[in-house]
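Where a number appears in this text, it was derived from the coordinates with a stated rule and is not lab data. Quick caveat: nothing in here was measured; it's all calculated off a predicted structure. Neighbour counts run over all protein chains shown; Cβ positions are idealised from the backbone, glycine included.
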Amino acid sequence: MRIPNHIGIIPDGNRRWAQKKGLEKKDGYKSGLNPGLELYKICRDKGVKEITYYGFTTDNTKRPAEQRAAFTNACVQAVKMLSKQDAELLVLGNTDSKMFPDELLPYTERHTFGNGGIKINFLVNYSWEWDTGFRKNVLRGPLKSSDVSRVDLVIRWGSRKRLSGFLPLQSVYSDFYFIDDFWPDFCPEHIDKALQWYNMQEISLGG
């Protein structure tokens, strides 16, 4: 089976999952922590070389304060969990904004944890405009995500079929796989089916 070098993860549906369970919207985010760690281990074991998790965007910070606090805390906890694994970890996002959690500032340069190996990028308070320097219809650069490689496969949970600003330049030739289940309902079969689907795609990169 052909394994993608770099997989992008859009873990959507946390709030809808919480509502379905009779919980408040904010309660859905913490239930996405263990799925994120399980996905890392699966990708590592399958030989994936790089993963990018979509934590939260600058647009997400417009949500109610209690939700904002919940998803920010979930991202902080997720990064700390991943830092206890074998990985080369980088948190990428607008650190000039007060919405960027101070706890993650030490991770904004790539560091090797454990035995290293797989690269993990975690997008926190991210926007494509910030990343590219896009302002007044001009890309002013330099690209802040220059340490992130081209994404081969983007997987999105939660049934929505859009990128939501996820690494637009690195995703220019990505294949997209969409899962109807909400992110907290993650199971290994999701990854197995995504990789089987990817293996059947013709990868030409325009050639």
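Expressed in whole Å with the largest first, what are the equivalent ellipsoid semi-axes of segment 128-207 derived from the C-alpha gyration tensor as the square root of 5 times each eigenvalue?
Over the Cα atoms of segment 128-207, the ellipsoid semi-axes are 27, 17, 10 Å.
What Kirkwood hydrodynamic radius, in Å, does segment 17-139 give when the mean of 1/r is taken over all pairs of distinct Cα atoms and then inverted?
After inverting the mean inverse Cα-Cα distance, the result is 15.3 Å.
May I ask you to sort Val91, Val151, Val48, Val138 by Cβ crowding, counting other Cβ atoms within 10 Å and putting the fewest first?
Val138, Val48, Val151, Val91
Can you work out the Karplus-derived ³J(HN,Hα) for every residue in segment 35-51? Use 6.51 cos²θ - 1.76 cosθ + 1.60 with θ = phi - 60°, whole Hz, and x for glycine or proline.
My calculation for segment 35-51 gives x, x, 5, 5, 4, 4, 5, 5, 5, 4, 5, 8, x, 5, 8, 8, 10 Hz in order.
Starting from the exponent 0.38 and prefactor 2.2 Å, build the expected Rg for segment 69-149 from its residue count and divide its actual Cα Rg by it. Write down the numbers at each step before the final one.
Working: Rg = 13.5 Å, N = 81, 2.2 N^0.38 = 11.7 Å.
Taking N as the residue count of segment 69-149, the ratio is 1.16.
List, in order, the whole-Hz ³J(HN,Hα) value for each residue of segment 106-113 obtained from phi through the Karplus relation with A = 6.51, B = -1.76, C = 1.60 and θ = phi - 60°; use x for Gly and Pro.
x, 9, 7, 10, 5, 10, 8, 10
Give, in nm to one decimal, the length gained when the segment between Asn73 and Lys136 is fully stretched (0.36 nm per residue of separation minus the Cα-Cα distance).
Once the chain is fully extended between Asn73 and Lys136, it gains 19.4 nm.
Order these by the 10 Å Cβ neighbour count, fewest first: Cys187, Cys75.
On the way: Cys187 12, Cys75 26.
Final ranking by Cβ density, sparse to dense: Cys187, Cys75.
Can you pull the Rg over Rh of segment 1-76, Cα-only, Kirkwood? Mind dumping the intermediate values first?
On the way: Rg = 14.2 Å, Rh = 13.6 Å.
Answer for segment 1-76: 1.04.
Kirkwood hydrodynamic radius (Cα pairs, Å) of segment 159-204?
This gives a value of 12.2 Å.
Given the pairs Lys49/Lys84; Lys20/Lys193; Lys49/Lys136; Lys80/Lys136; Lys20/Lys144, which are separated by over 28 angstrom at their Cα positions?
Long pairs (Cα-Cα over 28 Å): Lys49/Lys136; Lys80/Lys136; Lys20/Lys144.
If eta is 1.567 mPa s and T is 4 °C, what Stokes-Einstein diffusion coefficient results for the chain, Kirkwood Rh from Cα pairs, in µm²/s?
This corresponds to a translational diffusion coefficient of 75 µm²/s.
On a straight-distance basis, which lysines could pair with Lys26 in a cross-link, Cα separation under 17 angstrom, same-chain partners fewer than 8 positions away excluded?
Reachable lysines: Lys62.
Magnitude of the Cβ-charge dipole of the chain, K/R +1 and D/E -1, about the Cα centre, nearest 20 debye?
My answer is approximately 500 debye.
Taking the Cβ of each residue in Lys26, Lys49 as the centre, tally the other Cβ atoms inside 10 Å and list the residues starting with the fewest.
Lys49, Lys26
For the pair Glu202 and His111, how long in nm is the line joining their label points, each one 7 Å along Cα→Cβ?
Modelled inter-label distance: 4.7 nm.
Calculate how many DSSP beta bridges within the chain are antiparallel, expressed in % of all such bridges and rounded to the nearest 5.
15 percent
Given H placed 1.01 Å from N in the peptide plane, which residues other than close sequence neighbours of Leu92 have an amide H under 5 Å from its amide H?
Phe122, Leu123, Val124
Using a cut-off of 12 Å between alpha-carbon atoms, which aspartates and glutamates can reach Lys161, once sequence neighbours fewer than 8 places away in the same chain are excluded?
Asp12, Asp180
Would you compute, from DSSP H runs of 4+ residues alone, the mean residue ellipticity of the chain at 222 nm, taking -39500 (n - 2.57) per run and dividing by the full residue count, rounded to the nearest 500?
-8000 deg cm²/dmol
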